[in-house]
Amino acid sequence: MKLDLNSQTLNVSFACRIEDAWVPVPETACTQSGFDWTLNGAHYSAQFTPAGDTLCYTLQMDAPNPTQLRMWLAVPGQSDYFHVIPCNIYGDNHAAEAKPGEFPLLTKDHHEVAFCAPLWEFRADRAAMPLSALCWNGGVAAVAVEPYSQSEAGTIRNGVFAALPDAFGISLGYTNDPTTFKNRSTPAPSTRSMACKAQTSGRIYLHSGPRTELHEIIRQEYARHQDRAVPRNTLRQAVQGMLDTFAYQNFDAAAGEYTNLCCRPPRETEMRPWRLVTEIGWTGGGVLAYPLVLCRDALGADAEAPLAAAMSGEQLFDRIADAYNENSGLLNDLMAPNAAGSQVNGWWTGYGLVKDCHCAYTVGSAVHYLTKTMDYLHQNGKPCPAKWMDAAQKVLHTVMDLQRADGAFGYTYSTQERKVQDWSGFAGCWFAPALVYLYRLTGEERCLHSAEKALDYYHTFVKDLNCYGTPMDTWKAVDEEGNLAFMRGSRLLYEQTGKAEFLQYMKDSAGYEFLWRYGYKTYPEHTPLNQGWSACGGAVTSVSNPHIHPMGVIIDTDLRYLARVTGDGYYASRAADSAAWMLQCLELYPAATGYGRYGILSERWCPSDGLDVERFSDGRPFSSWFSHNLWASACVLEAACELLLEVEHKKG
C-alpha cells in the first residue's frame with residue numbers, strides 16, 4: 001500500500017511471523033487508515049492517525065501462539081540511499097575499508113562471511129533513539145517505535161531494521177536478524193522476543209532536505225522519551241572520589257606508572273594491575289593529565305595529598321613533551337618503551353590495523369590536551385614549562401607542513417621521516433582544536449587557517465553522518481569519537497572568529513553526537529544495570545564496539561556553550577543528561593557491582609544485548625566489565641571538573 005505524507009509517498013507493507021516464516025499481510029487487507037486481518041485464529045491490525053507533519057501508528061496482535069508483526073516502509077525510485085539505525089547502521093558501515101566479519105555491514109557482498117547481510121534487525125533498545133531511518137538525495141524518512149511492550153508473558157522487546165536497497169521498519173517483538181551481534185568477530189545465535197498478545201505505537205516521519213534533517217526527528221523523539229538519571233552524590237564528591245582512586249589505587253608506585261585494574265567477583269574482588277598506562281593520548285597520557293591539573297582548582301587543598309602520592313598532571317605532560325621524535329617531527333605514541341622496546345606500538349597494535357607508525361589519534365589527542373592545558377593555565381595567569389610549548393609547536397608545525405591541500409590530516413604517520421602513511425580516517429581531526437589553542441597562545445595566523453581548512457574538510461563526513469576511522473581497534477568502523485574533536489574545534493573557531501559557519505558546524509556535530517547518545521531509559525536484564533539505571537545521556541563508541549562508553553562527556557562543556565550562544569535549551573538538556581548519567585554510574589560502586597570503590601568507572605556499559613559478554617566467576621552475566629581502564633574515568637573526571645568549575649564560577 002501507499003501512504004501520503006507531507007506531499008510525498010511511502011510504500012508500506014506488513015508481515016507476521018508464523019513459527020519460523022514471515023507471512024505477508026495481503027495488500028487487499030490494507031487501506032490508508034491501516035489494516036485488520038485474521039489468519040488461522042490470529043488477529044493482526046494497524047491503525048494510522050495523522051498528527052501534524054507526522055503519522056502516528058499503532059500495531060496490535062492477538063494470536064493463539066507466540067508471534068511477531070513487522071512493518072516495512074520503502075521509498076523506491078530515489079538515489080544515494082543511506083540507512084541509519086542509531087549506534088548500529090550508518091549507510092553500509094563503511095564496508096569499503098572495513099574488515100568483513102568483524103561487525104555488521106549492510107551489504108550484498110561477502111555473503112559467505114558472518115555480519116555481512118542485506119538486511120539487519122536489532123533490538124530497538126540497541127539504538128540511541130529507537131528508530132530506523134532512510135536518507136536519500138533530497139529527503140529523510142524515519143519510523144520510531146516504543147522499545148518495549150507489555151504482553152501476556154510480561155515485557156517483550158521490539159525491533160528496528162534496515163534492508164537494501166530502500167526499505168526500513170520496525171517490529172512488534174524483535175528478531176536479531178541474520179544473527180546476534182554481541183561482540184566483534186564472534187557471531188552469536190539469533191535471538192527473538194515474541195508474544196501472543198501485545199501492541200506498540202510510534203510515529204512515521206517524512207522530511208525533505210539533506211541527511212541532517214534526521215537530527216530534527218531525533219529531537220522530536222527525545223522530547224517524548226527523555227528519562228534522566230537522578231544521582232545522589234555531588235560533583236565535588238565525584239571529583240574527590242575519582243582523584244583518590246587514581247592516586248591510591250591506580251598508581252603503581254613500584255612501576256612508577258598509572259595502571260589499569262581488573263578483578264573477577266565474587267571469587268576475586270581485589271583489583272589487580274593488568275596493563276600499565278604509558279600511551280600519550282586517547283587511552284592515557286594527556287587524557288589523564290589535563291583533569292589532574294584541573295583538580296588543583298576544583299578541589300583546592302583537598303587535591304594536594306592524592307596528587308603528591310601519585311604522578312601529577314604536570315609530570316605526565318613533562319613526559320609527553322619528552323616523547324618528541326626528531327625524525328618524524330611528532331610525538332612517540334608511548335611515554336615509555338613497551339616490553340619489545342617499541343615507543344610507538346601500544347596495546348592497539350594487536351588489532352592489526354596499525355604497527356610501527358605514529359597514530360594521529362594518540363598524537364592528536366596528546367597535543368590537544370597539552371595545548372588545552374597550556375591555554376587553561378594561561379587564562380588563569382599560571383605559567384607552564386617552556387618545553388611544553390616547544391613540543392606542541394614542533395608537532396603542530398609538522399602536521400601543518402604535511403596537511404593535504406583539501407584540509408585533511410593523516411591517519412598514520414611515519415616514525416622515520418616527515419610523511420603521512422595513510423590518509424583515510426577521521427582521527428587527524430584531533431589536531432584541529434590543538435591548532436586553535438596554539439593560535440590563542442601564540443597569535444600565529446597559520447595555525448588558525450590550518451584549523452579552518454581542516455574543519456571544512458571533516459565537516460563533509462559529519463553532515464553525511466559517516467565519520468569513520470578514529471579508534472585503531474575498530475577496523476575504521478563508523479564511530480562517535482572523532483566527532484568529539486570536530487565539536488571542540490568548531491566551538492573554538494566560533495569563539496575565535498565569530499563566523500556563522502562554525503556555529504552551524506557545532507549544530508551538525510551535536511546532531512551527529514545525538515545519533516550515539518541515548519535519549520531515553522533502557523531496561524537491561526543483568527546486574528548492575530537492572531536496578532533502575534538509565535542509559536539516558538550515555539553515548540555508544542562505534543558500530544564495532546556496541547556499548548556505551550564515557551568519552552562523550554568531554555564535549556558537555558561545548559554543548560552548554562552551544563546552548564548559551566543559541567538560546568536553545570535542547571543542547572543544555574542533553575549535556576545535563578550526560579552529567580547525570582556519569583554520576584549515577586559512579587554510584588554503582590561497590591554495592592551494585594560487587595567490587596571496587598566509589599571513584600572507579602568501567603569503560604563498558606551495556607544498555608541492551610550488545611557486548612554483554614562479561615561474567616561473574618560463578619557464570620552469572622554482568623552488563624559492564626570488571627576492568628577499571630583509567631581513560632574512562634579520566635574523561636568523567638574532566639567533565640566533572642569542568643562542570644564544577646563552571647558552577648563555582650557562576651556562584652563567584
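The values are calculated or read from the model by the stated rules, or taken from the named source; none is laboratory data. Here the structure is a predicted model, which means the values were calculated and not measured. For neighbour counting, all protein chains shown are included, and Cβ atoms are generated from backbone atoms with ideal geometry for every residue, glycine included. Ligands, DNA and RNA are excluded from the accessible area calculation, which covers all protein heavy atoms including side chains. Shrake-Rupley method; radii C 1.70, N 1.55, O 1.52, S 1.80 Å.
Quick notes on this one:
- Gyration tensor (alpha-carbon) shape descriptor, segment 475-556, a/c threshold 1.5: prolate
- One decimal place: the segment Thr460-Ser342 gains 38.9 nm when fully extended, by the rule 0.36 nm per residue minus the C-alpha distance.
- Each of Ala124, Gly286, Asn325 was scored by the projection of its Cα onto the charge dipole of the chain, and the greatest displacement toward the positive side belongs to Ala124; charges sit on the C-beta of Lys, Arg, Asp and Glu.
- Spacing of the modelled spin labels on Gln47 and Ala386, each 7 Å from Cα toward Cβ, amounts to 7.8 nm.
- Derived scalar couplings ³J(HN,Hα) [segment 252-260; Karplus, 6.51 cos²θ - 1.76 cosθ + 1.60; whole Hz; x for Gly, Pro]: 9, 4, 5, 7, x, 9, 6, 9, 7
- For segment 179-244, the square roots of the Cα gyration tensor eigenvalues, ordered a ≥ b ≥ c, give a/c of at least 1.5 with a/b no greater than b/c, which places it in the oblate category.
- Nearest-ten-degree value, helix 445-463 long axis tilted from longest Cα axis of the chain: 20
- Sum of side-chain charges, Arg604 neighbourhood, beta-carbon under 10 Å (Lys, Arg +1; Asp, Glu -1): -3
- Taken over the Cα atoms of the chain, the convex hull encloses 152 Å³ per residue.
- Accessible area of Arg236 in the full protein assembly, 1.4 Å probe (Å², nearest 10): 100
- Whichever aspartates and glutamates have a C-alpha closer than 13 Å to that of Lys99, once near sequence neighbours (fewer than 8 apart) are set aside: Asp109, Asp473
- With every protein chain in place and a 1.4 angstrom probe, the accessible-area ranking of Asp4, Asp62, largest first, reads Asp4, Asp62.
- Each Lys and Arg Cβ is given +1 and each Asp and Glu Cβ -1; about its Cα centre, segment 435-490 then shows a dipole of about 140 debye.
- The magnitude of the dipole of the chain, with charges of +1 and -1 set on the Cβ of Lys/Arg and Asp/Glu and taken from the Cα centre, is near 620 debye.
- Gap separating the Cα centres of segment 582-652 and segment 214-274, nearest whole Å: 3
- Using a probe of 1.4 angstrom and keeping all protein chains present, the accessible surface of the chain works out to 33 square angstrom per residue.
- The slack between Asp322 and Thr31, meaning 0.36 nm per residue of separation minus the straight C-alpha distance, is 97.6 nm.
- Listed peptides 375-382, 447-454, 542-549 by packing density, highest first (mean Cβ within 10 Å): 542-549, 447-454, 375-382
- Comparing Cα centroids, segment 49-89 and segment 132-162 end up 6 angstrom apart.
- Cross-link reach is defined here as a Cα-Cα straight distance under 29 Å, omitting same-chain residues fewer than 8 places apart; for Lys394 the lysines meeting it are Lys355, Lys372, Lys382, Lys419, Lys453, Lys476, Lys499.
- Reference-scaled alpha-carbon Rg (2.2 N^0.38 Å with N residues) for segment 523-652: 1.11
- Charge dipole of the chain about the Cα centre (unit charges at C-beta), most positive-ward option of Thr67, Phe461, Met506: Thr67
- For segment 72-184, the square roots of the Cα gyration tensor eigenvalues, ordered a ≥ b ≥ c, give a/c of at least 1.5 with a/b no greater than b/c, which places it in the oblate category.
- Student exercise, segment 220-357 dipole from Lys, Arg, Asp, Glu Cβ charges, in Debye to nearest 20: 580
- Relative counts (whole %) of C-alpha pair distances in segment 578-652, using bins that are 10 Å wide: 18, 45, 25, 10, 3, 0
- Pairwise centroid distance, computed over Cα atoms, of segment 342-361 with segment 522-559, Å: 27
- Highest mean packing first, where packing is the average number of other Cβ atoms within 10 Å per residue, the peptides 473-479, 526-532 line up as 473-479, 526-532.
- At an R0 of 25 angstrom, the distance between the Cβ atoms of Glu648 and Ala309 translates into a FRET efficiency of 0.50.
- Degrees separating the helix 630-651 axis from the principal Cα axis of the chain, which is the longest one: 80
- For Lys108, a cut-off of 20 angstrom between C-alpha atoms picks up these aspartates and glutamates, skipping any fewer than 8 places away in its own chain: Asp80, Asp92, Glu97, Glu121, Asp166, Asp177.
- Gln379 versus Lys419: modelled label distance in nm, points set 7 Å from Cα along the beta carbon direction: 4.0
- P(r), alpha carbons of segment 1-89 - 10 Å bins starting at zero, rounded %: 14, 42, 33, 11, 0
- Accessible surface of segment 28-112, 1.4 Å probe, proportion on carbon and sulfur as whole %: 49
- Report note on the peptides 622-629, 318-325: ranked by the mean count of other C-beta atoms within 10 Å, highest first, their order is 622-629, 318-325.
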